[in-house]
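Accompanying notes for the structure given below.
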Amino acid sequence: MKKFSSILLAGLLVLTGCTSEKVPDNNTDNAENNAAKKVTVVLDWTPNTNHTGMYVALEKGYYKDLGLDVEIVQPPEGGALQLVAADKAQFAVSFQEEIGPARSSSSPLPVVAVASIIDHNVSGIISLKKTGIESPKDLEGKRYASWDTPFEKAILTEIVEGDGGDFSKVKLIPNTVTDVVTALQTDIDAVWIYYGWDGVAAELKGLETNYLSFRDINPVFDFYTPVLAASEKYLQENGDQAKKFLEATSKGYEYAIANPDEAAEMLVKNAPEVDSELAKKSQEFLAKEYQAEKDKWGTIDESRWVAFYSWMYEKGLLEKDLKAEGFTNDYLPE
């Protein structure tokens, strides 16, 4: 999976090592910071349709209209959340499954999600139809491309054994897949993907596939991935700036929802390495997912947030039960 597969916690930490782009140091005195109103956003991976709303806000001048000088950069080796926590950037694209361990570790990072980029989890397991994987139990005996991480194994164990299968019979093949279409046609039977990118790519290539949606299998897996995150310190000291950033970003995603083709063109203009046809098809898919059935883009439902962290804690993936820690809706437009 070229871009979205990095959204898994440990997958992200491995994949971000692939880029060495320098992130600007925004550590300045408060007076200078407020005067410049410079805002740096660190992505989770290379530009893709998860990020379109921010590129739209840049292209349409939404940030500029509110007095913000926004720069979008790719993540360095240390990862995006570490930069935000160290005041080297103001916002980062992250995930609920990453924020939880970051906050509950012995050296916690004071970071919080401030907006959901996609309202529902659109990840799951894809396979070619000919492999016969129609339910989680069917993964027994199949070759699954694995990051070999506790988080990934815990979810796979839950869905396979919940379906009456034996997870120990799944053939885990250590493989950080960057091209799902090719992998499925060579030595891999199943891959964890984000459908908005790799699922759409498989459709464009005419592959006949089966897809197991995590949120359809178990509602607790309808967690928030990806999200925009910021540090608690930044939000406390620059609340008005954060609100302006999210106001403009919200407008960008609202535009992308209403105008997917035009939004895709803006993404490709700013990131010409993105395939135009894939961007447009992916944008059509995500236009229905960014906000889904909510009244407005970006809000996070506490009950879903808590349910997933309770599951992570039960499985030993968090050092403490965070409950509703780690997110806020307070900086989104009212």
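Quick note: the coordinates plus some simple rules give every number you see, no bench work behind them. Please read these numbers as outputs of a predicted model, since none were measured by experiment. FYI the Cβ positions are ideal-geometry reconstructions off the backbone, even for glycines, and counts take in every protein chain you see.
Between residue 161 and residue 77, the modelled label-to-label distance comes to 3.8 nm, taking each label 7 Å out from Cα in the direction of the beta carbon.
Where does the chain land at 222 nm, in deg cm²/dmol rounded to the nearest 500, when only DSSP H runs of n ≥ 4 count, each adding -39500 (n - 2.57), divided by all residues?
Working: 15 runs with 130 residues, N = 334.
Counting only the DSSP helices, I get -11000 deg cm²/dmol.
Put a dot 7 Å past the Cα of residue 203, heading toward its Cβ, do the same for residue 307, and the two dots end up 2.5 nm apart.
Computed extension length for residue 232-residue 168: 18.9 nm, one decimal, from 0.36 nm per residue of separation with the Cα-Cα distance subtracted.
When DSSP beta bridges are limited to those with both residues in the chain, what percentage is antiparallel, rounded to the nearest 5?
On the way: 18 of 31 bridges.
Taking every DSSP beta bridge within the chain, about 60 percent pair in antiparallel fashion.
For the pair residue 277 and residue 334, label points projected 7 Å from Cα toward Cβ lie 4.9 nm apart.
In summary, the lysines within cross-link reach of residue 129, defined as a Cα separation below 22 angstrom excluding same-chain residues under 8 places away, comprise 2, 137, 142, 169, 171, 205, 281.
Of interest is the spacing of the C-alpha centroids, which for the stretch 100-168 and the stretch 212-262 amounts to 21 Å.
What whole number of Å gives the distance from the Cα centroid of the stretch 53-70 to the Cα centroid of the stretch 266-284? The distance from the Cα centre of the stretch 266-284 to that of the stretch 53-70 comes to 18 Å.
Straight-line reach from residue 244: taking Cα to Cα under 24 Å and skipping same-chain neighbours fewer than 8 places apart, the lysines in range are 37, 38, 60, 64, 88, 233, 294, 296.
In terms of packing, defined here as the mean over residues of other Cβ atoms within 10 angstrom, the peptides 86-98, 250-262, 291-303 line up highest first as 86-98, 250-262, 291-303. Across the stretch 318-334, computed HN-Hα scalar couplings (Karplus, 6.51 cos²θ - 1.76 cosθ + 1.60, θ = phi - 60°) run 10, 7, 8, 7, 7, 6, 9, 5, x, 8, 8, 9, 5, 9, 7, x, 7 Hz from first to last residue, x flagging Gly and Pro.
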